[in-house]
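Input: a single structure, listed below in structure tokens.
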Amino acid sequence: MVLVKGGTFSMGDAIEDKEGKDETLHSVTLSDFLIGKNELTFDEYDAFCAATGREKPKDSGWGRGRRPVVRVSWEDAVAYCNWRSKQEGLKEVYTLNISSGKLTVNWGANGYRLPTEAEWEYAAREEGKKVRFGNGEDIAAPTKINFDASVRQRYSVEGASKKKTLSVGSFSPNILGINDMSGNVWEWCWDWYGKYPDSEQINPKGPDVGSGRVVRGGSWGDSSQYCRAANRHSFTPGYRFWTLGFRLARSL
């Protein structure tokens, strides 16, 4: 885990790419937090499946090990967080009421959880700097980010695409020491997807309800537009796909 020092930043389209209608700039203040240096790997998730009797997700024939786990839902990720917390003697963040199906969150718990959308972007932008991609650079190159480089854009270099996931940490990290914040796999965040608020926010957790949970970072199958640190997307909590994984976070 990497310590990210809190602070205030302008969340959203800080570079004014004007690629998305849902990237309106707004002020956000965050407390210190921890975030995974890497996306969660198959090695880590397979141990969870073996211990709990879950079916292991398919790897699309690319291999497992240190590659980021894919084909995991938001619900799978939350379950993993609680299991990992138990394994390490930490207090669980999530509690599921079986009868109502309602999930409650103890944000003061020291266990593992998904990053909030604001935490994710703040970490990807090296504690809120005006950088376009999660490796701290403004131009995406296939030698530095795992994305679809077959289509040249105004802020990417055309080149050979890998067309699959790569082992975590295959490229240089950003200045905080965090790997693959752009490309490789999309990453689940805690928040329900919704319109950004107009007012200043402190440790925002997103809307109370919604139909889709936020994913960030783009993947090996996406053009550079979708790998920008400000780009937003969402999927239903039960959705699984071969471009979709997650990264852990913890409160301090």
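The values are calculated or read from the model by the stated rules, or taken from the named source; none is laboratory data. Worth saying up front: this structure is predicted, and the values here are computed from it rather than measured. Backbone-built Cβ (ideal geometry, glycine too); neighbour counts: all protein chains shown. Please note that ligands, DNA and RNA were not included when accessible areas were found on the heavy atoms of the full protein model with its side chains. Shrake-Rupley method; radii C 1.70, N 1.55, O 1.52, S 1.80 Å.
Observations, loosely collected:
- Some residue of segment 63-76 being open to solvent by 10 Å² or more (accessible area, probe 1.4 Å), more than 23 Å from residue 109 (Cβ to Cβ), over 21 Å from the mean Cα position of the chain (by Cα) and not hydrophobic (A, V, I, L, M, F, W, C): yes
- Cβ-Cβ under 7 Å pairs, at least 6 apart or on other chains, segment 156-172 side within 14 Å of residue 139 (Cβ to Cβ) and free of Cβ contacts under 8 Å to residues at least 24 places away in the same chain, far side open to solvent by 40 Å² or more (accessible area, probe 1.4 Å) and among the hydrophobic types (A, V, I, L, M, F, W, C): 157/139
- Residue 140 vs. criteria more than 16 Å from the chain's Cα centre (by Cα) and aliphatic (A, V, I, L, M): yes
- In segment 16-40, the residues that are part of a loop (DSSP other than H, G, I, E, B), touching a Leu at 6+ places or on another chain (Cβ under 8 Å) and either open to solvent by less than 40 Å² (accessible area, probe 1.4 Å) or under 13 Å from residue 129 (Cα atoms) (or both): 36, 40
- Test set (1) open to solvent by 50 Å² or more (accessible area, probe 1.4 Å); (2) of a type outside the set (S, T, N, Q); (3) closer than 25 Å to residue 1 by Cβ; (4) more than 15 Å from the chain's Cα centre (by Cα) - residue 176 fails condition number: (1)
- Pair list, Cβ under 6 Å, 6 or more apart: segment 59-71 residue without any contact (Cβ under 8 Å) to a residue 40 or more places away in the chain, other residue open to solvent by less than 30 Å² (accessible area, probe 1.4 Å): 64/42
- Residues that are of a type outside the set (Ser, Thr, Tyr) and open to solvent by less than 60 Å² (accessible area, probe 1.4 Å), drawn from segment 45-62: 46, 47, 48, 49, 57, 59, 62
- Considering residues of segment 104-128 that are within 20 Å of the chain's Cα centre (by Cα) and either without any contact (Cβ under 8 Å) to a residue 12 or more places away in the chain or assigned to a strand (DSSP E or B) (or both) only, the residue surrounded by the most Cβ atoms within 10 Å (Cβ to Cβ): 112
- Check on residue 166, surrounded by fewer than 22 Cβ atoms within 10 Å (Cβ to Cβ) and in contact with a Leu (Cβ under 7 Å, 6 or more places away or on another chain): no
- Among the candidates 43, 13, residue that is assigned to a loop (DSSP other than H, G, I, E, B) and more than 15 Å from residue 115 (Cα to Cα): 13
- Annotation note: of 75, 92, the sole residue that is outside any helix (DSSP H, G or I), under 20 Å from residue 190 (Cβ atoms) and at pLDDT 95 or above is 92.
- Among residues of segment 208-223 that are under 21 Å from residue 137 (Cα atoms), those with a beta-carbon under 7 Å from a residue that is in a strand (DSSP E or B) and open to solvent by 20 Å² or more (accessible area, probe 1.4 Å) at least six positions away or on a different chain give the pairs 215/233; 215/234; 215/235.
- For segment 144-153, the criterion of a residue being open to solvent by 30 Å² or more (accessible area, probe 1.4 Å), within 20 Å of the chain's Cα centre (by Cα) and in contact (Cβ under 8 Å) with a residue 40 or more places away in the chain is satisfied by at least one position.
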